[in-house]
Structure formats: structure tokens, C-alpha cells
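Notes for the one structure printed next.
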Amino acid sequence: MLGGYHYHQIFRKSIIAFGTVFNNIVVKRKSSSRDEKDPIESYKVPIQYGPYQKYLAMIAAEPTPERQSMQISLPRISFEIKGLNYDTGRKLVPTQFSRTVPEEGKDADGKPVQYYQYLPVPYNLEVEMSIISKNQDDGLQILEQILPNFHPSLNVSIVVIDETHEERDIAIVLNSVGYTDDYEGDYTQRRTLIWTLNFTVKTYLFGPVNAARDIRKVTLDYRSDIVRRPAELRYSAEVESTKKPPVPRDQIKPNEGEYKVVETFEDVFGTDQDYFGLE
């Protein structure tokens, strides 16, 4: 049942969109007197994917010949996926199709085509973001630049399907905010402040994209219920170009309307076509 390779990179695009939301946060440090309005230092906070324990281990690690005595810069933002679950509240009809006409209206062979696929399946990505700082003011500056934008959600728009240019609004919901202060320990231990924000990224998963050409000719065979002379009839309808000179049937553009529909009837096994008024 399953099979047929397709990969739209939707999870990857959703995570990239999530990280992009927080990639322009700046921390400004002022003098201790707070009298001067201009900051003495401005620092753009880096953001990376990965667990924050990795960066704490890098801070605490002893220098080696391979790793010089250089610590990572703080503050820093890290985030990682913590879970994935189905969202029943956004469930759609599983048997309904979505159809899309490409911008060019044609496939690689130059013939009219349209794409169709089942409606997407809603899934939630649980993402944990950590703000690591070495002093309280840096962490609070970052936090105040983030929290006012969530009420408690923020919508970002991404192109989820490259073939059909399907664009969806992905909601990023802020669920909770936690705080950890490692103040215990001796004087040689470095203090670490960690703000933990838990988000839910409401994304969609799409199935394979199928290509369907426009129907240009229909042929239908059916049997009549006439007792005196039962017969099998054939009905056919096809489009015909009205241009001068006419273009082939496969090259007719439906949007331009320069065509007509020609219908024909035929008795498949009989020669007396006038009996059914077919002549």
C-alpha cells in the first residue's frame, strides 16, 4: 500500500522558519552608572539548533591541544525538537482532493496539466528553546524582545510544496516559560542563567503530488432498454479548436475559450443509424 517516494522537506522548512523568527535579536550593554544613553556594546545573539547541555559542556570543558582555552560567547539561543503529535482539532476530510494549476499551465512536455493531492494532515512539532546568558540583564533583554510578539501565537508563512507553490500559514504557539539559575557551587564554578521557552509549531504534512491532464475526449458505451431492438450505443464528446488554422487537440488552452465541444452518437453493432435518429 505504501510506497512511491516523495519528500517535501516540510519539517525542515518549519524548523528553519521557527529559527528565522528569532535570528535578529540584539543585546545592548550600557555602563554601570546607566547615565549614558548610548550603549557601550551591542551584540547580536546567535541562534543554533541543538540541546543547550551541549553548550554548557563546552563551557565547562578543560582546554586540550585540539581545543584551545576559548569559551563560547554568551548570551546564546538554542532550540531543538522535543516531540511530534497529531492535531485532532485541525483534522480535515481525508478523502478530499486539492487541485492546483501551475503558473505556466503546462508540464515539461508543453502540454496542459494540473496537480492534485489529498488534503494535508495536521501535525504539531513540540520545540524547546533555551536562552543561555551569564548575567540577568542579558537574559531579560532577550526575553522582552520575544514575549510581546506572542498572543500566545505568531503566524509565519512558508511555501510547503515547491511543485505547486502551496503556501501555508504556520502558527507558532508559546506554551510556557521556565527559568533556571545555577547559583549553587563554589566560587570557581561559573554561573549560568537559562530561560526555557516551550513552543508548538502547527504544521501540515502533504502526500505525493500527482499530475492530471485536462480531459479532451470522452467516450461512453451503454446499452439501450428498447425491447424491439436492444442495441449498444456509443457517445463521444471532444473539444475542437476554432482557431484558423486549428491547433491540435492537446494544445488547446481552456482559459482562452477558442474551442467548441463536438458530440457524436453511434450504434456500435448496427448499421441502421437512422433508427435511433443518429443520422
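Annotations
- Cβ-based net charge around Tyr43, under 13 Å, with every Lys or Arg adding one and every Asp or Glu removing one: +3
- Filter on Lys217/Lys244; Lys134/Lys202; Lys44/Lys134; Lys13/Lys82; Lys91/Lys217 - keep pairs with C-alpha separation over 27 Å: Lys134/Lys202; Lys91/Lys217
- HN-Hα J in Hz across region 77-91 - Karplus 6.51, -1.76, 1.60, θ = phi - 60°, x for Gly and Pro: 10, 10, 8, 7, 7, 10, x, 8, 8, 7, 9, 6, x, 10, 5
- With K and R counted +1 and D and E -1, the other residues having a Cβ less than 13 Å from that of Asn124 yield a net charge of +2.
- Close amide H partners of Leu119, meaning residues 5 or more places away or on another chain with modelled amide H under 5 Å apart, are Gln96, Ser98.
- Local electrostatic count at Ile158 - Lys and Arg +1, Asp and Glu -1, tallied over other residues with Cβ under 13 Å: 0
- Residue ranges 41-49, 90-98, 15-23 sort as 15-23, 41-49, 90-98 when ordered by packing (mean number of other C-beta atoms within 10 Å per residue, highest first).
None of the figures in this text is laboratory data; all of them are computed from the coordinates on show. Keep in mind the model is a prediction, meaning the values are calculated, not measured. All Cβ positions, even for glycine, are placed from backbone atoms using ideal geometry, and neighbour counts span all protein chains on display.
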